[in-house]
Amino acid sequence: MRRKKKTGKEATESIEEYLEALSRLVEKKAELTTTNIARELNVSPSSVSEMLKRLSKEGYIRHRPYREIALTKKGQILGRKTLRKHRVLERFLGTLGLSRNRIHDEACKLEHYVSDELEGIILDRMEPPRHGKGVLSLIDLKNGEEGKIFSMEGGRGVVRRLEDMGLTPGTKIKMKRSAPFSGPIEIMVRDSCLVIGRGMAMKIFVLVGK
């Protein structure tokens with residue numbers, strides 16, 4: 001049986017899906033290997049190998065057989081953008097009362113069709129969650145204190161920047177060090193240390209002890 005050739009749009013979606021998966025693995029500090037990518041996308045290793053050749057040819061990754069894969073700058077930009085849009089859509093779909101599994105599935109479909117302009121409009125229209133009991137600004141956490149990000153406030157540029165750093169509602173964090181006065185904040189996220197300016201940290205609210 002002859003294999004049906006993908007359309008241009010379907011091919012672009014496949015590239016974005018793979019780059020999003022690679023970006024997720026980078027966030028997790030996982031090795032970019034064929035096995036890990038196949039597990040992340042729930043596809044066969046042979047399918048991954050085929051796509052890696054294309055991604056390398058189009059300049060999204062650096063890859064040689066039996067060597068570790070690395071995203072190029074071009075690949076990093078598109079991967080992070082796709083992942084960011086996925087997370088924005090998950091936040092929006094969550095306000096509609098959908099189940100968690102459906103939120104993820106629908107975000108996977110829609111992320112390829114949302115323009116940067118529409119993404120910005122969605123961010124602007126979403127009302128920040130009200131701060132409840134146990135919710136503190138990140139700058140108010142003590143060294144060693146842990147929690148989950150409850151909400152992030154600020155303009156679309158601020159939220160995009162935070163999401164590009166892997167900070168989204170529900171992300172587990174731990175305060176490593178809060179410099180005195182106007183110094184930066186150091187937090188642990190997915191076993192990695194992030195340094196955030198105090199002004200940016202004031203826009204992140206954390207549900208402590210969760």
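Only the coordinates and a few stated rules stand behind these numbers; no lab work does. In this text the structure is predicted, and so the values were computed from the model without any measurement. Cβ: placed from backbone, ideal geometry, glycine included. Neighbour counts: every protein chain shown.
Multiplying each eigenvalue of the alpha-carbon gyration tensor of segment 84-125 by 5 and taking the square root yields semi-axes of 17, 12, 6 Å, largest first, rounded to whole angstroms. For the pair Val158 and Arg100, label points projected 7 Å from Cα toward Cβ lie 2.8 nm apart.
Remark: spin-label model distance Ala179-Lys109 equals 4.7 nm, labels positioned 7 Å along the Cα→Cβ axis.
Rg/Rh, computed from the Cα trace of the chain with Rh as the Kirkwood radius, has the value 1.00. For segment 8-73, lysine pairs separated by 8 or more sequence positions, or belonging to different chains, with Cα-Cα distances below 22 Å total 6. With a simple spin-label model that places each label point 7 Å from the Cα along the Cα-to-Cβ direction, the separation between Lys28 and Ser47 comes to 1.7 nm.
Looking at segment 135-207, the pairs of alpha carbons with a distance over 16 Å make up 38% of the total.
Once the Cβ-Cβ distance of Glu186 and Ile77 is raised to the sixth power relative to R0 = 35 Å, the FRET efficiency obtained is 0.85.
Kirkwood's formula applied to the C-alpha pairs of segment 8-73 gives a hydrodynamic radius of 11.8 angstrom.
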